[in-house]
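As C-alpha cells, the structure follows; a few thoughts come after it.
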2 protein chains.
Amino acid sequence: MPAKGVLVAVTADVVIAGGGVIGTAIAWRAAAAGLDVVLADPAQGDGASLVAAGMLAPVSEALFGEGALLRVNLLALARFPSFAAELEQVTGRRVGLRREGTLAVAYDAGDYAALMRLTAFRRSAGLDAEELDGRACRKLESFLTPDVHGGVLFPGDWSVDNRRYAAALREAAAAAGVRVVRDQVTAVLTGDGADGADGRVRGVALAEGGEVSSARVVVAAGSWSGGVDGLPAQLRAAVRPVKGQLLRLRHPDGMPPVLTHTIRATVRGADVYLVPRADGEVIVGATQEERGPDRTVTAGAVHDLLHDAMSVLPVTSELILAETCAGLRPGTPDNGPIVGGFGAGTGPGNGPGNGPGNGQRGLLLATGHYRNGILMSPVTADAIVAYLTGQPPAAEWEPFTPERFAATPAAGEGSR
Amino acid sequence: MPAKGVLVAVTADVVIAGGGVIGTAIAWRAAAAGLDVVLADPAQGDGASLVAAGMLAPVSEALFGEGALLRVNLLALARFPSFAAELEQVTGRRVGLRREGTLAVAYDAGDYAALMRLTAFRRSAGLDAEELDGRACRKLESFLTPDVHGGVLFPGDWSVDNRRYAAALREAAAAAGVRVVRDQVTAVLTGDGADGADGRVRGVALAEGGEVSSARVVVAAGSWSGGVDGLPAQLRAAVRPVKGQLLRLRHPDGMPPVLTHTIRATVRGADVYLVPRADGEVIVGATQEERGPDRTVTAGAVHDLLHDAMSVLPVTSELILAETCAGLRPGTPDNGPIVGGFGAGTGPGNGPGNGPGNGQRGLLLATGHYRNGILMSPVTADAIVAYLTGQPPAAEWEPFTPERFAATPAAGEGSR
C-alpha cells in the first residue's frame, strides 16, 4: 500500500465510492436509516452530476424497445417529488423542481414525423401528450420561431436544478452524519487473507494510501466505476464514459424570462433541449460523444448547440454565455443502470445481498445511470438502502442487477 | 476625501493611470529614461489588453480616408520589432512575435471585391500585397475550405501574443523600478489651492482614498479614461467603450498546428480573423459592439464567430474552446488615439508639455487607441517619454493631441 500524505484509516457500516448525486443520495438515505456512512470522493460533485440539464423525462430518454428501462424511469419520476420535498424540508434549500412540463417542437416535416413516433410511444406508456400546431406552440412559448412545424406538450416531463439538487443532497448527507473522505477509491478490498479467498468485502483502498474498513461497499463512481480494482472484469468493462457538452446561459439584467417550459427540439434531425431555471439560467444541451475520458469543450459542439438553440428560439442569441462544460455520463451496453449486488442472495425480493452464494459478499453497485442519473437518484438510493437493510428493492430493478454483466466472475478478479 | 482601508500617499516624478499595455509600456520607458514612476491600476492588465488578438496590421485596421491614422500605424509597425526585441532582451521572455504574414481570404465573389478594394488601398500606401487564387491560398494554409474564392497575402502584417507581451511589459517595468499601486485613479488633482486655479497638476486621487503626488500625470486608462475626474468634459466624452468579444481556442493533444499565417476572412460580408500563437492557441475575433460598459459574452456573438471561422477553416470545429472573453476598446469619434498634452506648449516639436499656455499643465493623455493598442504601444511610449523629457515627439502624432477634442476646456472642469 503506497503511502503519501496523511493516511486515512476509518471504519464504517458502509463506504460509498463516489460523491455525485447517486452516491450522495444513497449516503443521505443510508445515514437516515441509521447506518454509519463514509462517502469517498476526491472532489465531491465534480462529475457528471454538475454537467446535466436535470430533465425529469422518463419516456423521451427511453428508446423504443427499452421497456424495462422505461418502467424504472417511471418509478423514478413518481418518486421524485416526495424525495425532493423531504430534501427541501430537511435542508431548507430549494432544489428548483419545475412542473410546467416539456414542449417538444419539430423544426421541419421530417422532425415532426419523428416527434409523432415518440408521442405514440409515450401514449402507449399511458402518459399525457397533447399535440399542438405551430401557432399553439408559440402561444405557450412566445419566443419560438414562427418556423416551428408543430409540437407536443408533455405535461408530466419536469426538470430540477441539478446543481441546487446536488448541493442540497450534500447538505442533507452531512446533516445526517455522513463523513466525507476527499480521496479516490482505487480498489474494493476483499477477504481476510492476502488472497481474498473468502470473497467478503472488508473495505476500500484510497489513492492517497489510506483505507476505509467496512463490511459493505457501494460503488457509485459513475463513469469512473470501471477504474475501481477488485470489481469483476466484465463489470468494469461494462461502464464507459459518454461525453456530453452543454451550455449554461443567463438572461442579461432586465430581460424577462425567455422560456417557461423545457423545450426539446428536433432541428433537421438534431436534438437540442433548452431547460429554464427559476434563477434565470437556461441550460442548452447536450452532445453525446464516444470519446473516452476526454472532457474538453470543443468549438464544433458549442457552435452546433448554439446554432440549433437559436434555430428554434432566436432570442437565445441575446443571452449571456455564462459557462461551457463537458461531463462523462456512465453508459452501459444496454443503456440501463447497474444497481444491486451479486449472487442468488442479491436479487430483488431476496434480501440483503450478503447471503451465501454471492460473488463478492457485501459489494453493491449503483452506477451506469447514463442520461438518467438525476432522475433515478431517489429510487436508486431507495434500492441500495433496501439491500443494506435487508429489505426487498422494488421489482422494477430486477433487470438491472450487476449479474447481467458479471454472472460468472472471472477467476483472479478477487471474486468467489 | 473618503478614507477606507490603508491610505496610499506617495510621490513620484510621474504617475500613470492605467496598467494595460499602453500605461505599462510608458511606465517602462519612462523609468528607463530615469524618471521615478508610479503606475496605478486596480487590476493591472485586466482590460482590453488581455482581450486582443495582437494583430500588427496597420493598413487593414485603417479605414479609407484615415490617412493620418495610417501614418501613425505604419510608424508603429516599423517600431514594433526593435521594441519587442529590447523587451525580450531585458526580461528573458518571448513575446510571440510572428512574422509569417497575414492571408486575407474572401469567401464569395462579393467578399473578393471588397478584398480587392482593401488591397488597392494597401498598395497605395506602398506596401506589399500578393494576390492569390483559392488554390494558392490552400497551398499556404491547407486546412482552408476549398470554397474560398481567393485571397491576398500581406507579408508585412504580423502578430504578437498580447498576453505574453503584456506580461513581459509588466516584468520590464518592475525591473526598471516602476512602483505599482493597485488602486483606481478617480481624479486628476490640480492647483495648490482648493479651486485648482493655477491649472498645475499635483497628482491623482485614488478610489480607496489615497493620493499620489506628482507634477506629471499620464492618463492611460483606456475605455475608463472618461471616468477620471478633472479631465475636460469634452475629452471625457470623447472616449467610449467599444465592446469586442473573442475566443481562445487550443489544439487537442497531438493535433498538428492548423494554421501558420494570420487569417483575415470575409464571410458573406462578415469579418473574422484567426490568429495562431506559437504555443498552439488560435484566437478568433472579434465583434465590434456599441453596448456601453457591458462586458458580457453573448451566445449570439460566440455562435457567429465560430460559424464564420468554421466556414473558412472547417477544422476549427475540432479545436478546444478554451476561453470566451469580452473587452472594451477605447474608441474615439475619429477612430484616432489621444496622445499628448494641452495648450500651445504641448504640440509635437514644442517641448515638454508643461510650458505656459497649457490647459492643465503636467497632464498628458495616452488613450483612445481603439483597435490598435497593442500595435501602437511602443510608439505611444516613445511619444509620452518625449513629452516627459522635453523632447519633440514624432511628427505623425500631431493630428492626435487631446486638443482636437478639448481645445477650449469648459469652465469648472478644473482647467484654465
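The values are calculated or read from the model by the stated rules, or taken from the named source; none is laboratory data. Just so it is clear, the structure is predicted and the values come from calculations on it, not from any experiment. Heads up, the Cβs are rebuilt from the backbone with ideal geometry, glycines too, and the neighbour counts pull from every protein chain shown. Heavy atoms of the whole protein, side chains included, go into the accessibility calculation; ligands, DNA and RNA do not. Shrake-Rupley method; radii C 1.70, N 1.55, O 1.52, S 1.80 Å.
Criterion applied to B:Ala207, B:Ala238 was being among the aliphatic types (A, V, I, L, M) and in contact with a helix residue (DSSP H, G or I) (Cβ under 8 Å, 6 or more places away or on another chain), and the one residue passing it is B:Ala238. The sole residue among A:Leu206, A:Leu274 that is under 22 Å from A:Ala25 (Cα atoms) and at pLDDT 95 or above is A:Leu206. Would you please name the residue that is nearest to A:Asp382 (Cα to Cα), looking only at residues in segment A:68-91 that are surrounded by fewer than 21 Cβ atoms within 10 Å (Cβ to Cβ) and among the β-branched types (Val, Ile, Thr)? Looking at residues that are surrounded by fewer than 21 Cβ atoms within 10 Å (Cβ to Cβ) and among the β-branched types (Val, Ile, Thr), I get A:Val90. Considering (1) of a type in the set (S, T, N, Q); (2) part of a helix (DSSP H, G or I); (3) farther than 28 Å from A:Gly331 by Cα, the lone condition that A:Ser82 does not fulfil carries the number (3).
Of the strands (runs of 3 or more DSSP E) lying entirely inside segment B:107-194, those carrying at least 2 residues that are among the small types (Gly, Ala, Ser) are B:150-154. Is there a residue being open to solvent by less than 10 Å² (accessible area, probe 1.4 Å) and at pLDDT below 95 anywhere in segment A:19-30? The answer is no, given that none of the residues of segment A:19-30 is open to solvent by less than 10 Å² (accessible area, probe 1.4 Å) and at pLDDT below 95. Per the listing A:Arg264, A:Arg295, A:Arg250, A:Arg268, the residue uniquely over 29 Å from A:Val152 (Cβ atoms) and basic (Lys, Arg) is A:Arg295.
Does A:Gly331 satisfy being in contact (Cβ under 8 Å) with a residue 60 or more places away in the chain, among the small types (Gly, Ala, Ser), surrounded by fewer than 22 Cβ atoms within 10 Å (Cβ to Cβ) and away from chain B (no Cβ under 11 Å)? Against the criterion (in contact (Cβ under 8 Å) with a residue 60 or more places away in the chain, among the small types (Gly, Ala, Ser), surrounded by fewer than 22 Cβ atoms within 10 Å (Cβ to Cβ) and away from chain B (no Cβ under 11 Å)), A:Gly331 qualifies.
When the test is whether a residue is modelled with pLDDT of 95 or more, in contact with a Gly (Cβ under 6 Å, 6 or more places away or on another chain) and within 14 Å of chain B (Cβ to nearest Cβ), A:His261 does not pass it. For segment A:361-388, the set of residues classified as modelled with pLDDT under 95 and part of a loop (DSSP other than H, G, I, E, B) consists of A:Gly362 only.
Could you look through segment B:154-192, keep only residues that are charged (D, E, K, R) and open to solvent by 20 Å² or more (accessible area, probe 1.4 Å), and pick out the one that is modelled with the lowest pLDDT?
The qualifying residue modelled with the lowest pLDDT is B:Asp192.
Residues in segment B:35-44 that are among the small types (Gly, Ala, Ser) and surrounded by fewer than 20 Cβ atoms within 10 Å (Cβ to Cβ): B:Ala43 alone. Evaluating B:Lys243 against the criteria (1) within 28 Å of B:Gly285 (Cβ to Cβ); (2) charged (D, E, K, R); (3) open to solvent by 20 Å² or more (accessible area, probe 1.4 Å) leaves one unmet condition, (3). A Cβ distance below 9 Å, combined with a sequence gap of six or more or placement on separate chains, defines the contacts here; from segment B:87-98, residues that are in contact (Cβ under 8 Å) with a residue 12 or more places away in the chain reach residues that are surrounded by fewer than 19 Cβ atoms within 10 Å (Cβ to Cβ) and not in a helix (DSSP H, G or I) in the pairs B:Leu87/B:Arg93; B:Glu88/B:Arg94; B:Val90/B:Ala176; B:Arg94/B:Ala278; B:Gly96/B:Ala278; B:Gly96/B:Asp279; B:Arg98/B:Thr260; B:Arg98/B:Ala278. Residues that are out of contact with any strand residue (DSSP E or B) (no Cβ under 7 Å at 6 or more places or on another chain) and surrounded by 20 or more Cβ atoms within 10 Å (Cβ to Cβ) were ranked within segment B:92-117; the one that is nearest to B:Ala265 (Cα to Cα) is B:Gly96. The set of residues in segment B:269-323 that are facing chain A (nearest Cβ under 7 Å), in contact with a helix residue (DSSP H, G or I) (Cβ under 7 Å, 6 or more places away or on another chain) and either open to solvent by 40 Å² or more (accessible area, probe 1.4 Å) or not hydroxyl-bearing (Ser, Thr, Tyr) (or both) comprises B:Ala299, B:Gly300, B:Val302, B:His303, B:Leu306, B:His307, B:Met310, B:Glu318, B:Leu319, B:Leu321.
Considering each residue of segment B:238-252 in turn, none proves to be farther than 21 Å from B:Val51 by Cβ, touching a His at 6+ places or on another chain (Cβ under 8 Å) and within 14 Å of chain A (Cβ to nearest Cβ).
Number of residues in segment A:216-268 that are touching a strand residue (DSSP E or B) at 6+ places or on another chain (Cβ under 7 Å) and at positive phi: the value is 2.
Checked against the criterion of being away from chain A (no Cβ under 14 Å), open to solvent by 10 Å² or more (accessible area, probe 1.4 Å) and either without any contact (Cβ under 8 Å) to a residue 60 or more places away in the chain or in a loop (DSSP other than H, G, I, E, B) (or both), segment B:210-219 has no qualifying residue.
In this entry, B:Asp128 passes the filter for residues that are surrounded by fewer than 18 Cβ atoms within 10 Å (Cβ to Cβ) and either acidic (Asp, Glu) or in contact (Cβ under 8 Å) with a residue 12 or more places away in the chain (or both).
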